[in-house]
Each structure stands twice: as structure tokens, then as C-alpha cells.
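Contents: one structure, followed by commentary.
No lab work stands behind these numbers, since they all come straight from the coordinates. Remember, it's a predicted structure, so these values are computed and weren't measured experimentally. As a convention, Cβ positions derive from the backbone with ideal geometry for all residues, glycine included, and neighbour counts pool all protein chains shown.
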């Protein structure tokens, strides 16, 4: 039975911090298909369009009929553990630091037998649930956990290497003045975060959300204005060595596009907050987080960007806002590559219209902030890399994959 | 070097004794609050600075910064073109105002006690007439400066003093302004709060009466001053030039006062 993970102790100041190493990261082009599925939490494998054979590992032609049409399909995630082993010696630097490591051979219900990382509670001959997860190198691996998970499954140390569980970790929420900022603080509190730091800009203007955040036990407020380089640097000098999960929920939406509302000031504010704000946070907090990616069982693990669904396709009703979100999304991809050597996962969430004052004129469906916050914490626990929240965001993702021109013509409500 | 000329006398006072130079300016830094407008209106940029280089790979010889801010940031000069009432007046912008107008006497009314008791304190004509009884009549072409010690509030939250119904900061009563213009011919109105109007002045019969009447009569504003407690009630000379911005509605200014000490 998995033992509960003890809460983090204060560090021994003369002990060297464990350096972030990564598991082997080379994958074939076909195998990157697994990464795409793991990034969004799907358990999907190639299924031959001709003979229906499920393929694993991914390949160019069907192992059964040599057909080359192998689309990715969600498949049954169950299986039975055929054999288990504990690895006690490894030459790979990542695994050497984490021995012993459990591996097993699983007969999957979908067909193939697979080698999987094994949760501690899996027993030979018993049923398991398979999942595709991103490992610390950002590549997909197969994990097996008991079909009936025990109470401490989320404390499984191998599993924690794949996920970004907020339990006993320290979180910085960049903007505590919005309803989403409040909902995030509450959700991380429920998830067992060790400390919750919440930023707020322009302290002379408060908000009902910030006043509610102030009252949450375990929350500490800090002045933080992402448009002010000094302010971001000052906070990084205080919190840079503590933040294990960064949540950039900067938000500045003003309706309008390029032709119907040419306003350089508004557009520049959107870019300053969404794009340059992320850049300032990345340049100041990024290095310290990357260096602490393997700092014990509770080291730095995740950077969350709360982006709009319109980061992926411009909605001209919010035209300049969408453009600033697209810029932030592009920078987030850069951030993902730069944080990868530390094993820090960048989770980009694409959120549909929120039910707030700036979407007053937008017809439903609109998302309640606590639902969005819950999905974000859930995605961290699952170790996802991309998350569409709400029907609008999910539909955008689907329609973009099908026909980008169709959604470009239709998106303006 | 000749002696006895007017400017030599002036410099003699400044360099020797007799004239003290007082800085009435707050330091420009990122946490200086700017005036709060409803969120759907355009907003003034706050003061921001980004390093160009600091004796490093970006420029080994020098330290310098790029700056950005709105025209009305920190201690600043309000030109008549700032307000709709002054938009068509001649010589109403920072680049066209005759430069001698940037030098003027100042009368300082100490309102620190009533402002400490009531953040919505309004300076009335009656109070200014009482001040004149003690300190003499306001000379024409002088600044009327309202000392409240508000600039001693270094915490931006206390300085802005925002509540759900807006800001609560002291300022001039709406009836005082036309009297100052018509009866005393002041050059402008200065104060220590973030703007020359009181925090609740948007609710006055004429919204923002100090801006409306002063700028509508080609007079100036000088908000966010500091160190007014170092000035005498009468006699100081203010130096207030704004940056020469083309059609500028105002600009941050380094406001200095010359005070006779003997």
C-alpha cells in the first residue's frame, strides 16, 4: 500500500540541491503521436483503418496488414498486469537518482501488451488502468495504476514524477483581483497547496474578489504588477526560490477590433499585460523554477498560463485581445522549450468566455470561474500540457482541426 | 564677473544665503498612482522604466533608461487644453504657453488640520478670505496652493483613498474657483492630491469645477505637489515649466520654489 508522502521538511542548507535530470527523450516522429495524446489526457493509439488492429508502439505501417492509414483512436484503457519488476540499477542519470523503479508488463484490453511504469499498489495478475502521461522530459510514457486506486495513490512517488500535483506545493497566482483569481486560490487550497501566494496590482483599487482572497487561510498577498519590470523583479527576489507552481492568470479584456475600434492605448495595454507580462514573469521566475525542478519530492513542477480560447483563432469581437492572447500563446511555447531542461511542465489552458462583466454582451454558454479553476487543478493532477475549458474552447479545438477556414468565417457572433 | 545685476543678486541669494530652493516634486517611480477613470474609459499610463543598459553587455559605458507615462503622472503641470472648456483658447498647450508664465508667486493656504479631520474637506471662499485677513490679499498672477499634508501619505492606498463611491481626497469648493479667477486673477491652483479637483468633484454641479473653470479661463493646474509645509503663506516664487510637448495637455514637471529665508 502506498504510504502517505510526508510533508516537505526545511532544507539542509549545506546539502547540494538535486539537479534536474531528465529521462531519455528521443522519440520517433510516429511516437510523438503518443505525446500529442498524453498532452491532452487521451488514451489513444493508432488503429489500422484497414484491419482494425491496434498498434503499439506507434509505427508507419500496420504490423498485421502493412496498411499505412493508421489514425489515432481512443481505445480501452484497462488491462491485466502480467509481470512486475523492480529496477535496482540503472546507468541513466534520471533513474539512478530515483531507484528502485517499478516496471511491469501489461496485457491491455485494446490488444497490445505494453511495458509500463507501475504504481506501487499494482499487483501481478490483477486489473490495472493504463494511461498515457508526459514524463519529466515532456514525452509520452505508459503508466499503470490499480483499477481500484488506494487512498494515497496521488502520493505515489513515481506518479508524482509524471504529474504536477499541488498537494504540499507552493503556488503563485499572479492576479487575485478577478473572480478567477479567487476561484483558483480556493481550488489550490482544497487541493492541499502548502502556501498560496497571490499577487495584486494597483493596490489603491481593490475588488470584491481580492477582499475574499485576503480572508482565505494560508494565502499571502503580494504587490505584483506584470506591467512593471521592477515589481516583477522585486517579487521574484522574495518568492523566486519558493514558487513550485506558477499560475499566470493575467487578464485584461476590452471588446473591439482593428478597424471598428482603432485604439493604440487599449491594444498596447493588452499586449503589455498578456505578452510582455508573461515575458517579465518568465525572465524573472523561470530560471529559479528551472533550477528547482528536482528539488526533493515537492520541487518546482509547473507553469500554468490561463489563455483565451481565442488565442488559437481570432474572434474579431475581441480582436486585439485575441491577438495579444495569440502572442502570449506563442511565447508560452518558447517558455515550454526553455523550462523543459528543468523538467518544468508548461500547461496552457484555453478558456472560453467567462461569466464576468467584460462578457456582459456575450450570449451563454459562459463559464463560472470556479469550474475553470477546478479544471485547471485537475489538469495539474493529471499532468496535462494543453487544456480546453468549456464548450466554446472545445469546439474551437475540434473545428480548427477539421477546417480552419470554416471557423474563421463563422466565429464572429 | 560683475556684481550688482539683478541676476547676480538672485544667484547671490541662492549660492550664499537668503534664498532657499525647495523641491515640491514627488519622485517618479512605478508605484506612483495615476488618476482612476472608469474602466471603459481610456486610462493614463503609469510611470514605467526599462533599463537600456547599466555598464553591461547592452552598453558597457553607460546607464540609462527608457521611460513611459501619461502626461499627467506624478507632480505635473495641467495646461488649459487638457479640458474641453479650454480647448479653443490661444496659447493653451505646453508648447505654446508663454514661458514667463512658468515663473509665478505662490500663496499657500494651510488646510492640513481640516483635511486631517475630513478627507472630503473643501476649501471655500470664506476660508480663503479668512486666510487673507491674516496673510494679506492674494496678489494677481499668483498660484493658490492648498496645503493638506496629503503628500505625506506614502502608502498609495491611503494617498488615493478609494472607496466604492470613488476617491475621498480634499480639494477646492466649486464656488471658490470662479472667485479666484474673477476677483483674484490667480494663475492657477495647486495641491497635494492626485488631481486639482477633490476626490468627489465628479458629483459637483459642474463636474470637476477646478479643471473646468481654471482651464476654461486659460489658467493652470499643479497637482501632486509635496513639501508645501516648507513654504511661507506668501512670497515664495514657483518655477513650473512642463516639457515642451507638441500640443501637450500637460507634463510631469520638476517644480521648485524659491523661498526667502532672511
Full-extension gain in nm, residue B:61 to residue B:113, via 0.36 nm per residue minus C-alpha separation: 13.7 nm
Relative to chain A, whose Cα atoms define the longest principal axis, helix A:369-382 and its Cα axis are tilted in degrees, nearest 10, by 30 degrees
Which value results when the Cα radius of gyration for the stretch B:81-186 is divided by 2.2 N^0.38 Å? 1.23
Span from the the stretch B:36-100 Cα centroid across to the the stretch B:113-142 one, whole angstrom: 30 Å
So for chain B, considering every pair of alpha-carbon atoms, how many percent are separated by more than 31 Å? 26 percent
Could you list, bin by bin from short to long, the percent of Cα-Cα pairs of the protein assembly as shown in 10 Å steps? 3, 13, 20, 19, 16, 11, 8, 6, 3, 1, 0
Rounded to the nearest 10, the angle in degrees between the Cα long axis of helix A:179-190 and the longest principal axis of the Cα atoms of chain A comes to 40 degrees
Using a 10 Å cut-off on Cβ atoms, rank the peptides B:140-152, A:295-307, A:220-232 from the highest mean neighbour count down. A:295-307, B:140-152, A:220-232
Two-site label geometry, residue A:17 and residue A:366: point separation in nm, points 7 Å out along Cα→Cβ: 4.2 nm
For the stretch A:32-162, one quarter of the surface area of the C-alpha convex hull, expressed in nm², comes to 8.1 nm²
What share of the DSSP beta bridges in the protein assembly as shown is antiparallel, in percent to the nearest 5? 55 percent
Compute the helix-to-body angle for A:319-339: its Cα long axis versus the longest principal axis of chain A, expressed 0 to 90° and rounded to tens. 40 degrees
Over the stretch A:119-267, what lengths in whole Å, largest first, do the semi-axes of the equivalent ellipsoid take, defined as the square roots of 5 times the eigenvalues of the alpha-carbon gyration tensor? 38, 20, 15
Could you tell me the relative contact order of chain B? Use alpha-carbon pairs under 8 Å, at least six residues apart, and round to a whole percent. 30 percent
Evaluated at 4 °C with a viscosity of 1.567 mPa s, what Stokes-Einstein diffusion coefficient in µm²/s does the stretch B:121-262 have when Rh comes from the Kirkwood expression over alpha-carbon pairs? 82 µm²/s
Given the convex hull of the Cα atoms of the stretch A:1-68, what is a quarter of its surface area in nm²? 8.5 nm²
Given C-alpha coordinates of the stretch A:170-410, what is the ratio Rg to Rh with the Kirkwood estimate of Rh? 0.95
Taking the Cα centroid of the stretch A:255-322 and of the stretch A:368-396, what is the distance between the two, rounded to the nearest whole Å? 17 Å
From the helices alone, meaning DSSP H stretches of at least four residues, give me the mean residue ellipticity at 222 nm for chain A, per-run term -39500 (n - 2.57), in deg cm²/dmol to the nearest 500. -9000 deg cm²/dmol
Springs between alpha-carbon pairs under 10 angstrom, Gaussian network model over chain A: which of A:325, A:145, A:32 fluctuates most? A:32
Considering Cα pairs under 8 angstrom that are at least six residues apart, work out the relative contact order of the stretch B:126-262 and quote it in whole percent. 22 percent
For the stretch B:71-138, what ratio Rg/Rh do Cα atoms give with a Kirkwood hydrodynamic radius? 1.06
Before anything else, pin down the relative contact order of the stretch A:32-162: Cα pairs under 8 Å, at least 6 apart, normalised by residue count, whole percent. 23 percent
Output ordering of A:352-364, B:244-256, B:213-225 (per-residue mean of other Cβ within 10 Å, highest first) is B:213-225, B:244-256, A:352-364
Work the Kirkwood hydrodynamic radius out for the stretch A:260-377: mean of 1/r over every pair of different alpha-carbon atoms, inverted, in Å. 15.6 Å
Calculate the spin-label point distance for residue B:53 paired with residue B:206, positioning each point 7 Å from the Cα along the beta-carbon direction, and give it in nanometres. 5.3 nm
I need the Kirkwood Rh of the stretch B:1-83: take the reciprocal of the average 1/r across all distinct C-alpha pairs and report it in angstrom. 17.1 Å
Note on the stretch A:136-222: the mean projected area of its alpha-carbon convex hull, in nm², is 7.3 nm²
With label points built 7 Å along Cα→Cβ from the Cα atoms of residue B:87 and residue B:129, find their separation and express it in nm. 3.6 nm
So if each residue of separation counts as 0.36 nm, and I subtract the Cα-Cα distance between residue A:399 and residue A:264, what length gain in nm does that give? 45.5 nm
